[in-house]
Structures are given as structure tokens and as C-alpha cells.
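In what follows, a structure is listed as C-alpha cells, so that the remarks can point back to it.
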Amino acid sequence: MKAVIFDLDNTLFDHTLSATYAVRSWVTDLGGTPTDELVAQWFAIEDRVYDRWLSGELTHQGQRRVRLREFLPVIGHPVPPTEPEQDEFFEGYLKHYRGSWTAFPDARPALEVARGNGWRVGVLTNGNTVQQNAKLAAIGLADLVDVVCTSEALGFSKPAPEAYLRTCEALGADPADVLMIGDNLENDVLGAQAAGLAARHLDRAAGANLLDLM
């Protein structure tokens with residue numbers, strides 16, 4: 001093994017925890033009562049609309065506007081009428097989201113093990129380049145990562161083979177010598193294996209730890 005590629009959201013970075021805190025805090029700011037059902041609806045909207053950005057149907061900012069337009073009626077709040085007003089309004093959520101960014105406790109130790117093994121370390125994420133790099137910096141992991149590849153920069157999102165192959169190329173390693181680790185079975189395991197990489201599934205719901213997969 002010459003290199004390891006990690007997924008970011010819900011693998012190294014606890015997106016679910018950060019977004020849950022952000023939604024609850026934001027809804028409270030808006031005068032609403034945060035509930036588990038509201039949080040679940042937020043994530044359902046996010047998953048559905050984010051896929052439209054990955055497919056190229058929406059811009060990154062556009063998917064934020066759609067999420068806002070779908071979620072605010074759920075809490076009985078009027079939707080700002082113009083796109084600039086919607087963008088400004090969405091910053092209320094982002095303020096709480098950015099303020100709660102956190103790494104999983106096993107993230108830095110896993111990266112340190114990888115570097116201790118002499119492996120090149122990459123991150124491959126279906127996300128926005130600026131935001132994903134900001135996450136890595138904020139959670140204190142950027143110094144341990146050699147290469148960050150985003151779907152936005154690559155022009156391909158997981159599970160397209162090109163996403164993994166171009167990340168391997170950036171790492172200077174043959175796919176057969178690269179391990180991919182992530183929480184999404186299709187995107188981080190099956191897609192990586194189809195592209196010729198070794199891959200391991202991080203099933204956090206079952207209590208999996210990154211260090212157990214290294």
C-alpha cells in the first residue's frame with residue numbers, strides 16, 4: 001500500500017453532528033421549536049437537493065436556495081423573495097454550521113498512522129472545494145493531508161471511476177496500491193473497488209473505528 005484516500009463528511013468530519021446542531025440553533029433563532037422530525041426533514045431535503053448539484057442541475061449556491069425554499073415552509077417561515085435575500089438568509093444556518101465543525105476523535109490518529117506507515121494521504125469528497133478545504137483546516141487535519149480532491153474541482157463525483165483514478169494520479173500512486181475508506185458503501189467502497197482500488201467501509205452506526213480499518 002502506497003496511499004490511502006479518506007472520504008470527508010461523516011468519515012473524518014462529523015457532518016451529521018454539526019448540521020444537527022446548526023439546524024436546531026437556527027430554527028430557535030427564527031422563533032421556532034427544533035424537533036427531531038424537523039432535523040430529519042432538513043437532512044431529507046439536503047440529500048435530495050444536493051444530488052441535483054452533483055448532477056450539474058443546480059449550482060452550489062442554487063442548491064442552498066432550493067433547500068431554503070423547501071425547508072422554511074415546513075417551519076411556517078416566509079421565504080425571502082429574491083435570490084440575494086435567500087443567500088443572506090441561508091448564512092444564518094451556515095454561521096451555526098461553521099461554528100460547530102468538528103472532527104471525529106479517531107480522525108487525526110488515523111491520519112497519523114497513515115503517515116507513519118509512509119503512505120501518501122488524500123481526501124476525496126463530493127463537495128465544494130472552498131468549503132471542504134475550510135473544514136479540514138478548521139478541524140485541524142489539513143496539515144496531515146497531501147491531496148484534497150473535490151467533485152467540484154475534478155468535474156466528476158463519486159462513484160464515477162474518474163473521481164478515484166484522478167485522485168490516485170494526484171497522489172502519484174497506482175490504484176492497485178491505494179486504499180479508500182469512507183462511510184458511504186456505494187460511493188466509498190463499491191465505486192472505489194470498481195475503479196481498481198482496495199476499499200473498506202466505515203460503518204459508524206455499527207461502532208466502526210477508522211483505526212480498525214488501517
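Return yes when GLU152 is over 27 Å from SER55 (Cα atoms) and of a type in the set (D, E, K, R) and no when it is not. Give the derivation first.
Working: over 27 Å from SER55 (Cα atoms): no; of a type in the set (D, E, K, R): yes.
No; evaluated as a whole, the condition is false for this residue.
Suppose the filter is under 25 Å from ASP14 (Cβ atoms) and either within 18 Å of the chain's Cα centre (by Cα) or basic (Lys, Arg) (or both); does VAL178 pass it? No, not satisfied. Restricting attention to region 98-119 and to residues that are in a loop (DSSP other than H, G, I, E, B) and touching a helix residue (DSSP H, G or I) at 6+ places or on another chain (Cβ under 6 Å), the residue that is farthest from LYS135 (Cα to Cα) turns out to be ASP106. Each residue in region 172-208 was checked for being over 19 Å from GLU162 (Cβ atoms), loosely packed, with under 15 Cβ neighbours inside 10 Å and at pLDDT 95 or above, and 2 pass.
Candidates in region 100-133 are the residues that are more than 19 Å from the chain's Cα centre (by Cα) and crowded, with 17+ Cβ neighbours inside 10 Å; of these, the one that is nearest to LYS158 (Cα to Cα) is ARG120.
Any residue in region 52-65 that is part of a loop (DSSP other than H, G, I, E, B), among the hydrophobic types (A, V, I, L, M, F, W, C) and in contact with a strand residue (DSSP E or B) (Cβ under 7 Å, 6 or more places away or on another chain)? First the steps, then the outcome.
Of all residues in region 52-65, those part of a loop (DSSP other than H, G, I, E, B) come to 55-59.
If we keep only those that are among the hydrophobic types (A, V, I, L, M, F, W, C) too, we end up with 58.
With in contact with a strand residue (DSSP E or B) (Cβ under 7 Å, 6 or more places away or on another chain) added as a condition, the list becomes none.
Taking every residue of region 52-65 in turn, none turns out to be part of a loop (DSSP other than H, G, I, E, B), among the hydrophobic types (A, V, I, L, M, F, W, C) and in contact with a strand residue (DSSP E or B) (Cβ under 7 Å, 6 or more places away or on another chain).
The values are calculated or read from the model by the stated rules, or taken from the named source; none is laboratory data. Because the structure is predicted, anything quoted here is derived from the model rather than measured. In this analysis, Cβ positions are derived from the backbone assuming ideal geometry, glycine residues included, and neighbour counts consider all displayed protein chains.
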